[in-house]
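**Q** Here it is: the structure, laid out below.
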Amino acid sequence: MSKHDHDAPSKQPTIAADQIDPRIYDLYDDYCHTTMSRRDFLDRAGALAVAGGAGLAMAQALLPRYAEAQMVSFTDTRIKPAYVAYDSPGGTSGKMRGYLVTPTEGKTFGAVLVIHENRGLNPYIEDVARRLATEGFLAFAPDGLAPIGGYPGNDDDGKVMQKSLDKEKLFTDLLNGAKFLKAHPQCNGKLGAVGFCYGGWAVNQLAVELGDELTAAVPFYGRAPTLESVGRIRAALLMNYAEDDPKVNATRADYEAELKASEAEYQAFQYPGTRHGFHNNSTPRYNPEQAKIAWDRTLAFFKQHLA
């Protein structure tokens with residue numbers, strides 16, 4: 001298995017999610033989605049006038065704790081995980097790699113592509129793939145960074161690497177991953193996709209590009225695809241939105257209007273008390289109650305459409 005850093009200082013403080021100043025959350029969101037370095041994030045958080053001077057500690061508490069967040073071990077007897085290669089014509093290098101997780105019981109399965117955030121195939125996304133496999137799905141999580149060395153073991157370098165890639169070629173690599181998965185001999189012919197943040201947008205865009213080749217799509221807090229392309233969507237959609245996520249949510253109303261106009265099959269849910277990233281259980285943005293509701297809906301949706 002891959003050897004990942006835990007992406008957090010060894011003496012990382014523990015602070016309850018509701019004790020973290022909202023400005024620190026906003027700064028963390030900028031850190032996750034821009035080229036801001038970890039040092040700059042921590043310095044800027046420490047400079048904020050936060051009660052008790054705890055801005056730095058709050059910022060450190062938000063950094064991911066992947067080892068503690070793991071829900072399904074790669075040694076779980078219900079699954080067989082492996083890293084596999086696939087061809088990706090038109091992508092970054094023509095070759096790709098991903099994390100394939102197969103249930104140990106059964107011969108063919110509904111297949112689910114798992115698309116990572118803006119930092120490559122980190123341990124959280126691998127864990128999501130394993131969670132899906134324990135529910136009876138053939139799960140595959142491509143690493144968009146594979147052509148330039150793969151996920152580097154920490155999110156800081158990962159986001160810089162992903163930003164360096166040509167966006168269209170990166171998406172082509174993910175699209176080819178979907179095609180690879182659907183053609184897999186253990187796929188029952190039905191393909192689903194789930195993605196988070198950048199991966200949520202990518203799932204929306206895959207629904208456009210794949211048409212009726214994609215059966216079911218679940219974007220978590222993903223931006224809308226180009227509106228003029230929405231009419232090409234044939235997959236059933238289950239869209240999960242955070243409550244406090246202004247940048248993504250600003251794209252929602254127009255997207256839903258286009259989906260309604262094209263008579264697409266979709267459901268959209270917004271989860272109270274949540275922020276962008278609420279499903280990722282490696283940081284305090286995680287909302288256990290709402291993440292469970294969203295994940296249970298996701299599993300039921302895939303079982304309905306991919307069985």
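**Q** Taking segment 111-145 as the search range and keeping residues that are of a type in the set (G, A, S) and surrounded by 24 or more Cβ atoms within 10 Å (Cβ to Cβ), which one is farthest from R285 (Cα to Cα)? Even if it seems obvious, please write down each step before you answer.
**A** Step one: filter segment 111-145 for residues of a type in the set (G, A, S), giving 111, 120, 129, 133, 136, 139, 141, 144.
Of the ones still in play, those that are also surrounded by 24 or more Cβ atoms within 10 Å (Cβ to Cβ) are 111, 120, 129, 133, 139, 141, 144.
Details: A111: 29, G120: 19, A129: 20, A133: 25, A139: 25, A141: 23, G144: 24 Å.
Among them, the one singled out is A111.
**Q** If you don't mind, another one. Taking segment 169-220, which residues are out of contact with any Phe, Trp or Tyr (no Cβ under 8 Å at 6 or more places or on another chain), under 24 Å from D245 (Cα atoms) and not in a helix (DSSP H, G or I)?
**A** A193, A217
**Q** Further question on the same structure: Considering segment 269-280 alone, what residues qualify as being open to solvent by 30 Å² or more (accessible area, probe 1.4 Å) and either β-branched (V, I, T) or under 18 Å from the mean Cα position of the chain (by Cα) (or both)? I'd like the intermediate steps shown before the answer.
**A** Of all residues in segment 269-280, those open to solvent by 30 Å² or more (accessible area, probe 1.4 Å) come to 269-270, 272-273, 275.
Correct list: F269, Q270, R275.
**Q** Another one. So how many residues does segment 248-265 have that are touching a residue at least 24 places away in the same chain (Cβ under 8 Å) and open to solvent by 40 Å² or more (accessible area, probe 1.4 Å)? Even if it seems obvious, please write down each step before you answer.
**A** Of all residues in segment 248-265, those touching a residue at least 24 places away in the same chain (Cβ under 8 Å) come to 248, 251-252, 254-255, 258-259, 261-262, 264-265.
Adding the requirement that they be open to solvent by 40 Å² or more (accessible area, probe 1.4 Å) leaves 252, 254, 258, 261-262, 265.
Count: 6.
**Q** To continue, here is another question. Within the bounds of segment 49-62, is there any residue that is touching a Lys or Arg at 6+ places or on another chain (Cβ under 7 Å) and surrounded by fewer than 17 Cβ atoms within 10 Å (Cβ to Cβ)?
**A** No; the residues of segment 49-62 include none that is touching a Lys or Arg at 6+ places or on another chain (Cβ under 7 Å) and surrounded by fewer than 17 Cβ atoms within 10 Å (Cβ to Cβ).
The values are calculated or read from the model by the stated rules, or taken from the named source; none is laboratory data. All figures in this text were calculated on a predicted structure; none of them were measured in a lab. Here the Cβ is made from the backbone with ideal geometry for all residues, glycine too, and neighbour counts use every protein chain on show. The protein model used for the area step is the full one, side chains on, heavy atoms only, and it has no ligands, DNA or RNA in it. Shrake-Rupley method; radii C 1.70, N 1.55, O 1.52, S 1.80 Å.
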